[in-house]
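Colleague: Please find one structure pasted underneath; my questions will follow.
The values are calculated or read from the model by the stated rules, or taken from the named source; none is laboratory data. Values in this document were obtained by computation on a predicted structure and should not be read as measured data. For neighbour counting, all protein chains shown are included, and Cβ atoms are generated from backbone atoms with ideal geometry for every residue, glycine included.
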Amino acid sequence: MDADANSNNDEPNEDVDSETVVRRDRFSGGPAREFLSSLTGDSRIFEADLAVDRAHVVMLAEQGIIGDDVAGEILAALDAIDSAGHSDLSDGEDVHEAIESAVIDRVGPDGGKMHTARSRNDEVATCIRYRLRADLLDAAETTLALRESLLAAAAEHTETVMAGYTHLQPAQPTTVGHYLASYAAAVGRDTARLLDAYDRTNASPLGGAAFAGTPFDIDRKRVAELLGFGRVVDNAMDAASARDFLAEATAALAIHATTLSGLAEDIVVFANKGYIELSDDYSSTSSIMPQKKNPDTLELTRAVAGDATGELTGLLTTLKGLPRAYNRDLQRAHPHTFRAVDAVVEASSIAAGAVATADWNAELLADEADDGFATATGIADLLAMAGLPFRTAHEVVALAAEEAEHSDDGVTAAVLDGVAEEVLGESLFEYVDEASVESALDPAESVASRDSPGGPAAEQVTASISRARETLATDNDELTARRERLADATERLHQGVDGYV
Ligand code: ARG
């Protein structure tokens, strides 16, 4: 690029007065001032904006677009603004404008060179992505902690028999370990979605300018590198406009909140039945009923699905049908995601703590594991294994269940035999011996017999827990690698800045 086009590369210019610099105030001083301003909420991206400013200024100087001296003065001013904090910024339409004004206050008119070759449109998009990366890593980290506590509790309870439910009706005996490991698997997918959302968030829009690029000879890759972004958002119009990364991140958060809500609901129900006792730390009491110990933390966790889904709906509705490229509606888009991430991270870590500290009442769970003839399927399986068509076996067991409905003993080998005589015209014991029927009626034996891969038999659950731990370790490495790349970039940016200050 020729020197003319880089004409901002002048020595400090004392001829321009501050009045000229702040002329845009003319558009936002009226009754709409507060409505227009995002300054308060922008505290969330204050640090991000400073990093983005620093990286941009370093790049401008490296490219010879601004002089090294001016870059040094601006960078020193940014340090001072950083130390003073977001609350020290004076009024402005947003954090970008307020920081720029603060730079100009400190440096003089040359401070205005900071905004060369960019727009607030690419700037804000970069700040949101920069900040959201950290939030998404925190969210992913809480899912790891939750998986850890689910798997630890699961490993303790591979032999703790309980009734499993479908339609909230007792269905087949399983174990607490099998149940908890099922949630560890679901949360594992939540982690993967959050990391995916991170990877698509991790691209730099800076240099897209308003949407239409810039005549300055900028180096977008260098800025991306200084800010730790994995790549540049290629198309300048896309760079300034795209918010699908917000939708993806918020969806991943809402899905995780939905997972949490199911877990929370189960625990509330289990607490009601006395199957689980929450630690006092995760319980609440009643202001009037002195005996009450309520699972409020899980109820609130369950409710966070409402918050997260609400934010997702709000966000998608805000984005729907927006014309290309930047529209001010976008100012109200990212706060949805930030609110969602705050709520979900809190709920997720509460759920992890509640699971880690809860006590399962193994005795009561075992007593009630065959409620509602939950071993019925096991009996039908046994008959089918002996050669009876499964449908016929199902019929025999269903009739036995009906017959036993009003007896205290429930379904016994004798009841089953009686039904077999009626339906098959021969004794049940032509097919199976009595001992295996007795064993199939026992919840613990029933669980042990279901040793297909992924089934509840203790050795299967133990194997699946160890596979889940491997995935957890890999995800942990993935998270650490991303954190390290960000830390490296922070260091790179520091060094870049140190070259001028
Ligand atoms: N505060 C604005 C936002 O969050 C920054 C971008 C303003 N751009 C503009 N053309 N008015 O979206």
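Colleague: So which residues in the range 407-429 are in a helix (DSSP H, G or I), under 17 Å from Ser439 (Cβ atoms) and among the aliphatic types (A, V, I, L, M), if there are any at all?
Modeller: Hits for the range 407-429 are Ala413, Ala414, Val415, Leu416, Leu428.
Colleague: For a quick check of your reading of the model, give me the residue pairs whose first member lies in the range 167-192 and is under 19 Å from Val269 (Cβ atoms), whose second is among the polar types (S, T, N, Q) and not in a helix (DSSP H, G or I), with beta-carbon atoms closer than 7 Å and at least 6 apart or on different chains.
Modeller: Pro173/Thr375; Thr175/Thr158; Thr175/Thr160; Val176/Thr160; Gly177/Thr158; Gly177/Thr160
Colleague: Answer yes or no: is there a residue in the range 338-354 that is closer than 30 Å to Asp122 by Cβ, within 16 Å of the ligand (Cβ to nearest atom) and modelled with pLDDT of 95 or more.
Modeller: So far as the range 338-354 goes, yes, one or more of its residues are closer than 30 Å to Asp122 by Cβ, within 16 Å of the ligand (Cβ to nearest atom) and modelled with pLDDT of 95 or more.
Colleague: Scanning for something under 28 Å from Val232 (Cα atoms) and surrounded by 24 or more Cβ atoms within 10 Å (Cβ to Cβ), does the range 141-155 turn up at least one residue?
Modeller: Among the residues of the range 141-155, not one is under 28 Å from Val232 (Cα atoms) and surrounded by 24 or more Cβ atoms within 10 Å (Cβ to Cβ), which makes the answer no.
Colleague: Is there any pair with a first residue in the range 146-158 that is over 12 Å from Ala458 (Cβ atoms) and a second that is modelled with pLDDT of 95 or more and of a type in the set (Ser, Thr, Tyr) whose Cβ atoms are under 8 Å apart and which are 6 or more apart or on different chains, and what are they?
Modeller: Listed pairs, sorted by first residue: Leu146/Ser348; Leu146/Ser349; Arg147/Thr191; Leu150/Tyr183.
Colleague: A follow-up question, please. Checking Gly85 against (1) buried (at least 17 other Cβ atoms within 10 Å of the Cβ); (2) at pLDDT 95 or above: exactly one of these is not met. Which one?
Modeller: Checking Gly85 against (1) buried (at least 17 other Cβ atoms within 10 Å of the Cβ); (2) at pLDDT 95 or above, the one that fails is (1).
Table: residues versus (1) polar (S, T, N, Q); (2) touching a strand residue (DSSP E or B) at 6+ places or on another chain (Cβ under 8 Å); (3) at pLDDT 95 or above; (4) within 16 Å of the ligand (Cβ to nearest atom).
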| residue | (1), (2), (3), (4) |
| --- | --- |
| Val223 | no, yes, yes, no |
| Leu226 | no, no, yes, no |
| Asn235 | yes, no, yes, no |
| Ala252 | no, no, yes, no |
| Ile255 | no, no, yes, no |
| Val269 | no, no, yes, no |
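Colleague: Is it the case that Ala435 is at negative phi, more than 36 Å from the chain's Cα centre (by Cα) and surrounded by fewer than 20 Cβ atoms within 10 Å (Cβ to Cβ)?
Modeller: Criteria met by Ala435.
Colleague: Suppose we filter the range 219-248 for residues that are part of a helix (DSSP H, G or I), free of Cβ contacts under 8 Å to residues at least 60 places away in the same chain and over 24 Å from the mean Cα position of the chain (by Cα); how many remain?
Modeller: Final tally of qualifying residues: 4.
Colleague: So, one more: Write out, first by first residue and then by second, each pair whose Cβ atoms fall under 6 Å of each other, whose residues are 6+ apart or on separate chains, and whose first residue, in the range 430-458, is outside any helix (DSSP H, G or I) while the second is β-branched (Val, Ile, Thr).
Modeller: Cβ pairs passing all conditions: Pro456/Thr174; Pro456/Thr175; Pro456/Val447.
Colleague: Still on this structure, I have one more. Restrict the check to the range 295-318 and report whether at least one residue is within 24 Å of Phe46 (Cβ to Cβ) and in contact (Cβ under 8 Å) with a residue 60 or more places away in the chain.
Modeller: yes
Colleague: Okay, next question. Hey, does the range 122-132 have a residue that's farther than 29 Å from Tyr326 by Cβ, in a helix (DSSP H, G or I), out of contact with any strand residue (DSSP E or B) (no Cβ under 6 Å at 6 or more places or on another chain) and of a type in the set (Gly, Ala, Ser)?
Modeller: Within the range 122-132 (the criterion being farther than 29 Å from Tyr326 by Cβ, in a helix (DSSP H, G or I), out of contact with any strand residue (DSSP E or B) (no Cβ under 6 Å at 6 or more places or on another chain) and of a type in the set (Gly, Ala, Ser)), the answer is no, since none of the residues qualifies.
Colleague: So which residues in the range 348-368 are within 26 Å of Arg302 (Cα to Cα) and of a type in the set (A, V, I, L, M, F, W, C), if there are any at all?
Modeller: Answer for the range 348-368, where residues must be within 26 Å of Arg302 (Cα to Cα) and of a type in the set (A, V, I, L, M, F, W, C): Ile350, Ala351, Ala352, Ala354, Val355, Ala356, Ala358, Trp360, Ala362, Leu364, Leu365.
Colleague: For Ala325, state whether it is surrounded by 14 or more Cβ atoms within 10 Å (Cβ to Cβ) and at pLDDT below 95.
Modeller: yes
Colleague: If you take the residues in the range 78-107 that are within 12 Å of the ligand (Cβ to nearest atom), out of contact with any Phe, Trp or Tyr (no Cβ under 9 Å at 6 or more places or on another chain) and not in a helix (DSSP H, G or I), which one is nearest to Ala212 (Cα to Cα)?
Modeller: Filtering first and then ranking leaves Asp94.
Colleague: Among what's in the range 155-176 and is assigned to a helix (DSSP H, G or I) and more than 14 Å from Leu263 (Cα to Cα), pick the residue that is nearest to the chain's Cα centre (by Cα).
Modeller: Ala155
Colleague: What's the total number of residues in the range 108-131 that are within 8 Å of the ligand (Cβ to nearest atom), among the charged types (D, E, K, R) and touching a residue at least 60 places away in the same chain (Cβ under 8 Å)?
Modeller: Number of matching residues: 1.
Colleague: Tell me, yes or no, whether the range 376-392 has at least one residue that is of a type in the set (Lys, Arg), more than 18 Å from the chain's Cα centre (by Cα) and within 16 Å of the ligand (Cβ to nearest atom).
Modeller: Scanning the range 376-392, I find no residue that is of a type in the set (Lys, Arg), more than 18 Å from the chain's Cα centre (by Cα) and within 16 Å of the ligand (Cβ to nearest atom), so the answer is no.
Colleague: Step by step: first the residues of the range 287-303, then only those that are closer than 25 Å to Ala356 by Cβ and among the hydroxyl-bearing types (Ser, Thr, Tyr), then the one that is farthest from the chain's Cα centre (by Cα). Which residue is that?
Modeller: Thr297
Colleague: Kindly evaluate Phe216 against the criterion of being away from the ligand (no atom under 16 Å from the Cβ), part of a loop (DSSP other than H, G, I, E, B), in contact with a helix residue (DSSP H, G or I) (Cβ under 9 Å, 6 or more places away or on another chain) and not aliphatic (A, V, I, L, M).
Modeller: It is true that Phe216 is away from the ligand (no atom under 16 Å from the Cβ), part of a loop (DSSP other than H, G, I, E, B), in contact with a helix residue (DSSP H, G or I) (Cβ under 9 Å, 6 or more places away or on another chain) and not aliphatic (A, V, I, L, M).
Colleague: Out of everything in the range 34-64 that is among the charged types (D, E, K, R) and touching a residue at least 12 places away in the same chain (Cβ under 8 Å), what residue ends up being nearest to Thr126 (Cα to Cα)?
Modeller: Applying the filter and picking the extreme gives Asp49.
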